[in-house]
1. Mind giving me the nanometre distance, one decimal, between the label points for Asp708 and Trp17, set 7 Å out from Cα along Cα→Cβ?
2. Can you show me the helix-derived [θ] at 222 nm for the chain, built from DSSP H runs with n ≥ 4 at -39,500 (n - 2.57) apiece and divided by the number of residues, rounded to the nearest 500.
3. When the chain is fully extended, how far beyond the present Cα-Cα distance does Glu25 get from Thr423, taking 0.36 nm per residue of separation?
4. Considering the dipole of the chain built from charges on the beta carbon (Lys and Arg +1, Asp and Glu -1) around the Cα centre, which of Gly756, Asn93, Thr476 is farthest to its positive end?
5. If you take every DSSP beta bridge fully contained in the chain, what fraction is antiparallel? Give it as a percent rounded to 5.
6. What's the extension gain from Ala675 to Ala454 if we count 0.36 nm per residue and subtract their Cα-Cα distance?
7. Under the Kirkwood approximation for Rh and a Cα-based Rg, what ratio Rg/Rh is obtained for segment 258-387?
8. Student exercise: in the chain, how many lysine pairs 8 or more apart or on different chains have Cα atoms under 22 Å apart?
Amino acid sequence: MHLVLKLILLASLWSSWNGSAVTTERGTASFTVDGHPFYVYGAAFFYERTPRDEWRSDLERYKALGINTIDVYIIWNWHEPDARTVDFDGHTNARRDLRALFTLIHDLGLKAIVRPGPVIRNEWRNGGYPDWLLRRPEYNMPLHDILEGRYPATATYQNAHADAAADEWLHNPVHLKYAAGWLHDALVAIEPWSPDVIAIALDDDQGAYIDNDTWPAPHWHAYMDWLKTQVQSTVGTRVPLFINTYQMKVTSSAPVWAWGNWYQSDAYRIADHDLSQLMFSTALLQTQPNLPVMSSEFQAGWLQGADEIAPRAAAPENTTLALHEMLQLGVHGVVNFPLQDTLNPAGYEAPWANWFYAWDAAFQLQGDTSSRAAPTAAFGSLVQRAGPLLATLTPREDVAIAWLGDAYDPQLMTSERFGALATATIAEQQRCRALALTCRFVDLHAMTLSQLRATRVLVLPVFDRSLAFTPGIATTLRELRRTTMIVGSVDRARRFTRSSTGGVRDAALLVSPDGNAAVFDVFNAGTDVRTIPATRIELGHKSYTVGPITLNAGDARDIFLGTKTSYHMDVLPSPLPTNNADVPITGTAYVPSPHDVAVVAPATARVGVDDAFRDGVQTFVMDNRRIRVVVSGDAGARVFVYEDLATGGNAATSIGLLRDDVATPPTPSPRDYIAPYTHPMRTGTFNRPYACRVLGNGVRADLLCTYDAPDLGPQPVHFEKEFILDPNDAFFRVRLRCSVDAVSISGTTATSYSAGKDLWLTFPLQGPPTADANQGRSP
């Protein structure tokens, strides 16, 4: 009876939830929080990658940049590391104290977006799915893939075959049982802070990609409905649910609200390609009737690669350009993904990820600001000053472009035809940009006839004349022709409309529901100073003169009409944190440890267990007067720090020194459906838990780490790695032994050694390691 009463109480508390909702005023959909229009300016916060004692200071820095919402993955295998342990209060690891995190979010007056999976991907070990479950036969996943930390096989299948993958999930009774239990446990854990939760995600990257089987996809819809039911069985039916997706074939068909993902290409500076992809991706979200457009993952850059020493370079003004492009498309919320560079807890990386989870983000690892902080803060200032207004605005539409993904027989709409349709539609959208017309996507199948009649000019992109519209679409178009001009191109449409921005390109007029207030937003995507002459703008029954405006390259301007304010992105509301140095994270110039190293007597060397990175995993610190070596036992006994104590320099690579592998590793498994993208380097045992013990201290520091790999040969493969540090040496030595022919990888250097024989490697502070010619003999 006690359990029944408890469940009733929890249900009643969630049912009293009234934090957020989607409302419609005069045909404009808005997102509200606590009854007021709310522009989401969010940031992903990876608490599992951040020391517990830094959570508050990090969140305070986020808030100072204008962040009002924290996006939180709640990771299944982090909080349930084995079948007998569930930790939401930090009793096994301080970083698992989810309740403390939500207390901080509440105390700082922030809101939360929650993403409990069951799969979260995120370059995280096994995509957040428990390995103790993946070992069961129902998952049909090779042990090698599991131990390497690869995503669940079914989750990789969903990238191109979402419908078939969903069918696999639905026919896996173990998954259905345990995933339902996990979602319930995670959401119950944060129930006391339910008023702060404004949205909940279903899984991760669902429905994504224009060449994926997401339409009509009956199994995928059934699986999304199952996830929806599991979440709503705990939180009720009023909390907004969403999927984070990218270029979904028919976005309006999403079983819940679809939010968008966008990351910049490998170009240094945003140009036409990135802007066109961002415009297309965001415009697809416009096809959801009565739902605001939201961006769930935004980053004008990309993460640091597997064995790279820094994220790829990207111009900081890309953040300004992309944010204002989305604003002009009517986006009512953006989540910066992420806002800060972090470190993976050792051994929790996915095998194609780096120990550094670095993105050239606004904040670097220890809170220093990068050049991306200023544009991030500038947009945050705009949200702080005008967020409630921005949350109600919609772009004034000059032309509507029909997204025709569901206008034809779905059996005929192959992925190739969807690709051709996307190409044709993007071309029309780019003609809008060139002609300074504001164009909006509409879905003829999803919208009512009365909604479509609000469109004065409609473009039907031509991409395959052999296809005929479905009877329903044909009927809709016949009815619509009575009130709307329907043409085949934007060039034809320009005859029947005019630019709402007065002919200003890369601009939009964002209008309030009553038509009496607006924001004229414009940016400069060029590399030279841009001067915009005075322009007449019609709003309601009034005419306004905007400009002249001068914009530096990569700059943006917002001019409020019907109000008494304007906003220029160059003007920041308050000083940023004092350290604005743009110091790249490199493998040779950075030591990410909060600890000061005690200077020991010249005649001693020591090794001891130490939570050097405060991540709660097995770490060993070896030091003498001259150097410090940090070995992570839970991450393949890799060396993450090799520090010169005189200079503070780190000679270790950011993926770690000394990755053990067999000479002939297993080939990628056919159940890893994204293998071409996730095998950039030899992984070996880089995130396996080695058993380490101290063999000596004082006269010589001696640490032995061993591991038996069950998946690298017909018999378990035994690895030994012994670290030696003498008192006065400015180098350390390692003895390697393996039961089969093997290889040790440090950075880009690989050293082979034979089965059953010792290999001694010497690591100087500078230069590559050297192998001892006398294998098998101790120095």
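1. Placing both labels 7 Å along Cα→Cβ, they lie 4.7 nm apart.
2. -7000 deg cm²/dmol
3. 139.9 nm
4. Thr476
5. 70 percent
6. Contour length minus Cα-Cα distance gives 74.9 nm.
7. 0.98
8. Taking the Cα cut-off of 22 Å, the pair count is 7.
The values are calculated or read from the model by the stated rules, or taken from the named source; none is laboratory data. The structure presented is a predicted model; accordingly, all values stated were derived computationally and were not measured. With ideal geometry, Cβ positions are generated from the backbone for all residues, glycine too; neighbour counts draw on all protein chains shown. The area values use the complete protein model at the heavy-atom level, side chains included, leaving out ligands, DNA and RNA. Shrake-Rupley method; radii C 1.70, N 1.55, O 1.52, S 1.80 Å.
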